[in-house]
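The values are calculated or read from the model by the stated rules, or taken from the named source; none is laboratory data. What you see is a predicted model; the values in this text were computed from it and never measured. Every residue, glycine as well, gets a Cβ built from its backbone with ideal geometry; the counts of neighbours run over all protein chains shown.
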Amino acid sequence: MTVDIHAADSKPAGRIEAMCGRMMRLDRDRVESQPALGGAVFAGDVFSLDPDAALHIVFRDGTRIFTLGGAFSIEDYVFTRNEDDTATFAIDNAMFALAGGQIASGIDTLSVHAGDMSLSVRAARLIAKAGLGTDDMVTLLPTPSCGPGSVLVHNKVGVETLEMPFHTVRLSGAEGYLTPPMTLPQGVMADMYPGAELALWLAPVEATPSPDEGVAGDSFAPFDVLADHLFERRFTEQSVFPRDQPGGLGAESGRHNGLLEDAFDGQRFRLKDDEPKL
């Protein structure tokens, strides 16, 4: 089946679901205008937002993008419900969140250029920040069903894959090295990605219970707390001292060599002699 790409591009790619603050739109004919709530967006559109402005766009295939400040452009968008479907976005100087729609069901069909990183999104939700004067960062968010999907993160230096909820990579240092994926505790996500609008994306995602499951009561709350603590220790163990590396928590390196590091403020401490190691 032959698809007229130019005809597909002439259709609206989506619409503006919500917006606030000052922003401008530059279309592919280089005509500048003020975006309007509910207005159509097209391939080739470029949006420039004030730092405190926010824009939420819903695309025809169900993909959603929320950006806080910065610049956002729709570099390419074709949705005809066949193998030629593709979407490419570019975001810089912003924090943003994305939920992939039907286009993201393929391999390398939904791409995002975020600062110095390129993201290939497959059936996933993510939150990220790029070009804000701090390390660029991408986190894979959980989804209500069918697993978290995956995000391939790459730049000119390396490639990493996010496959688990809250898996995070960071673009670090002057050379732009990608850190290995680390699992962030959910409790620190709001500090990494601040803002009331982004908090909606960070809210816990619950799968719809089956009729046989019923509703969990307050008695299950302690297990939620326990899970958070285990999440945090697993992050420290895997990201700071992996078991399969010399000197890791699982290595036979001596009773007093078990340095732990707080992954967020860099403080280090030793386990007490009577405290078992993980």
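Being outside any strand (DSSP E or B), β-branched (Val, Ile, Thr) and closer than 15 Å to Arg15 by Cβ is the filter here, so list the residues in the range 31-73 that pass it. Within the range 31-73, Thr63 is the sole residue that qualifies.
Out of Gly70, Gly101, Gly38, Gly62, one residue alone is touching a Lys or Arg at 6+ places or on another chain (Cβ under 7 Å) and of a type outside the set (Val, Ile, Thr). It is Gly38. Every condition in (1) on the phi > 0 side of the Ramachandran plot; (2) touching a Leu at 6+ places or on another chain (Cβ under 8 Å) is met by Gly62 except one, and the failing one is (2). A Cβ distance below 6 Å, combined with a sequence gap of six or more or placement on separate chains, defines the contacts here; from the range 1-24, residues that are within 11 Å of Thr80 (Cβ to Cβ) and surrounded by 13 or more Cβ atoms within 10 Å (Cβ to Cβ) reach residues that are charged (D, E, K, R) and at pLDDT below 95 in the pairs Val3/Asp84. Just to verify a result, which residue in the range 141-165, among those that are within 13 Å of Gly176 (Cβ to Cβ) and of a type outside the set (Val, Ile, Thr), is surrounded by the fewest Cβ atoms within 10 Å (Cβ to Cβ)? Applying the filter and picking the extreme gives Lys156. Inside the range 166-177, residues that are assigned to a strand (DSSP E or B) and crowded, with 17+ Cβ neighbours inside 10 Å make up a count of 5.
Evaluated against (1) part of a loop (DSSP other than H, G, I, E, B); (2) closer than 18 Å to Gln186 by Cα, Met95 falls short on exactly one condition, (1). Of the residues making up the range 118-140, those that are buried (at least 21 other Cβ atoms within 10 Å of the Cβ) and out of contact with any Pro (no Cβ under 6 Å at 6 or more places or on another chain) number 13.
If you check Ser111 against the conditions, is it touching a Phe, Trp or Tyr at 6+ places or on another chain (Cβ under 8 Å), part of a strand (DSSP E or B), surrounded by fewer than 22 Cβ atoms within 10 Å (Cβ to Cβ) and of a type outside the set (Val, Ile, Thr)?
Working: touching a Phe, Trp or Tyr at 6+ places or on another chain (Cβ under 8 Å): yes; part of a strand (DSSP E or B): yes; surrounded by fewer than 22 Cβ atoms within 10 Å (Cβ to Cβ): yes; of a type outside the set (Val, Ile, Thr): yes.
Yes: the conditions hold for Ser111.
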